[in-house]
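FYI, it's all coordinate maths here, none of it is from the lab. Just so it is clear, the structure is predicted and the values come from calculations on it, not from any experiment. Positions of Cβ are generated from backbone atoms using ideal geometry, with glycine treated the same way; all protein chains shown enter the neighbour counts.
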Amino acid sequence: MSSSMASNAILAKARAMYGKRLTDADYKQLMDCRNVSEVASYLKNRTSYKSALTGFDENSAHRGQLEPMLKQNIYYDIFALSRYAKDKTLQFSDFVISEMEIEQIMRCLTLLNIGKAEEYVYTIPLSMSKFAKIDLEALTSVRSYDDILEALSGAKYLPILKKFRPREGEKINIALIEAELNNHNYGMIMEAIDNLGNGREREELRNVFSAMFDFRNVSRIIRLKRYFKFDRERIRPLLIPYGKLSKKTLEELCSASDPKEVFDMARSSYLGKIMSKLQYNETSQMADVLLSTYCIHHLRLSSNPTIVMISYIYLMEIELANIINIIEATRYGLSAEEKNKLLVR
C-alpha cells in the first residue's frame, strides 16, 4: 500500500469509527441505569462495545470485570489503525501503545504495593497482546518487585524501574515511577515531533501536545495542593517537563499558596484565553476537556493521518473514562444529574 493510500485509509477508518461513538441519547440512557448490570446490558446490546462484551454475563457484572473488557475496544481500534500506519505515523502509533503498556505496568505495581498482585490476572487485556512489546502474561506471575524486573527484562522501561527498586520493607513509589515512565514516553514523542519535516504538521502536533502537557500540569498542581497539601519540592518531580509554560512559571505555580492562586496564575498565562472557553464542572477535568476540544477539531478537519489517528484514540479514552465514571457513580447511587457532572464531552 502506498503512503498516500495508507494515509487516506487511516483518515477514513478513524472517522468512520468515531461515527460509532456514544451519542447524547446513549449517555442519557446510561445515566438512567439503576445498577452496573443495566449499564453493562445497554453497552452490550445497544452500542459499538458489543463486540468487546461478547460472552460477558451482564447479570453478574462488576467494575473489576467490566473495565478491562471495555478497554478491549480501544485496543481493537489501535490494532485496526496500525495495520494502515506507515513510516512516521507508525511512530506515533507506538507512542499510544507505550502509554497503554505503562498503564498495565502501573496497574501491576499498584496491586503489588497493596498485597494483591495475584489479582492482575483478572484485568489483563488479552487483545493488547497483539501489538504490545511487553509480555503481559509474565506480569500475571509477579509477586515481588524483582519479579516485575524479570518480567520486563529487555524492555525500554527497565532502567527506570531499576532506579526505583524499593529497599526491604519499603513501599513502591508509585507516583514517581509513573511520572518518570510517562515523561520518558513524552520525551520520545516530542523528539519525534521536532524531527518532522513538514512544518505545518510539526506545529499542529506541538501545539496539541504542549497544551495537553501544560493543562495536565496545572490540573495536577491544583489537585496535589487541594487534596494532599503538597509543597513545591514534592510537586515538582511529578510534573511533565514539556509544554509551553516556562520553568520559571511552573516553579511559581508550584510555590502558590493554594489551589485558587494556582488557577489565577494559570489564567494570566497563554492558557487563560483557552481556559475561558472551556466548560467543566471540576478543575481536574480541564486537561481532558481541552484535549477533547482539540481532538474533535483535528479529527474532523485535519488531513494528516497522524493527527487524526491520535485524536481518535484520545477521544475514545475520554469516552471510556466517562463510562467508568458512570459505572462508579451508579454503584454509589448518584443521581443522573450528579453523574452528568462527571462527564467530559
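Computed from the C-beta positions of Asp146 and Ala25 and an R0 of 45 Å, the FRET efficiency is 0.35 to the nearest 0.05. Placing a label point 7 Å from the Cα of Arg300 along the Cα-to-Cβ line, the residues of segment 255-280 whose backbone N sits under 16 Å from it are 278-279.
The helix-only estimate of mean residue ellipticity at 222 nm for the chain, built from DSSP H runs of length n ≥ 4 each weighted as -39500 (n - 2.57), is -20500 deg cm²/dmol after division by the residue total. What is the distance in Å between the Cα centres of segment 31-84 and segment 277-318? So the two Cα centres are separated by 22 Å.
Calculate the dipole size of segment 161-241 relative to its Cα centre from +1 charges on Lys and Arg beta carbons and -1 charges on Asp and Glu beta carbons; express the result in debye to the nearest 20.
Values: 17 positive and 12 negative charges, 109 e Å.
Dipole about the Cα centre, nearest 20: 520 debye.
Normalising the average separation of contacting C-alpha pairs (under 8 angstrom, six or more residues apart) by the number of residues puts the relative contact order of the chain at 21 percent.
For segment 286-325, a Kirkwood radius taken over Cα pairs fed into Stokes-Einstein (10 °C, viscosity 1.306 mPa s) yields D = 156 µm²/s.
Each peptide in 129-136, 66-73, 318-325 gets a packing score, the mean of other Cβ atoms within 10 Å over its residues, and the list from highest to lowest is 66-73, 318-325, 129-136.
Taking 25 °C and 0.890 mPa s as the conditions, I'd like the Stokes-Einstein D for the chain in µm²/s, using the Kirkwood hydrodynamic radius from alpha carbon pairs.
Details: Rh = 21.5 Å.
So the translational diffusion coefficient is about 114 µm²/s.
Per-residue packing, averaged as other Cβ atoms within 10 Å, sorts the ranges 298-308, 145-155 into the order 298-308, 145-155, beginning with the highest. Counting only Cβ charges, +1 for Lys and Arg and -1 for Asp and Glu, the dipole size of the chain around its Cα centre is about 700 debye. For the peptides 117-123, 202-208, the ranking by mean Cβ contacts within 10 Å, running from highest to lowest, is 202-208, 117-123.
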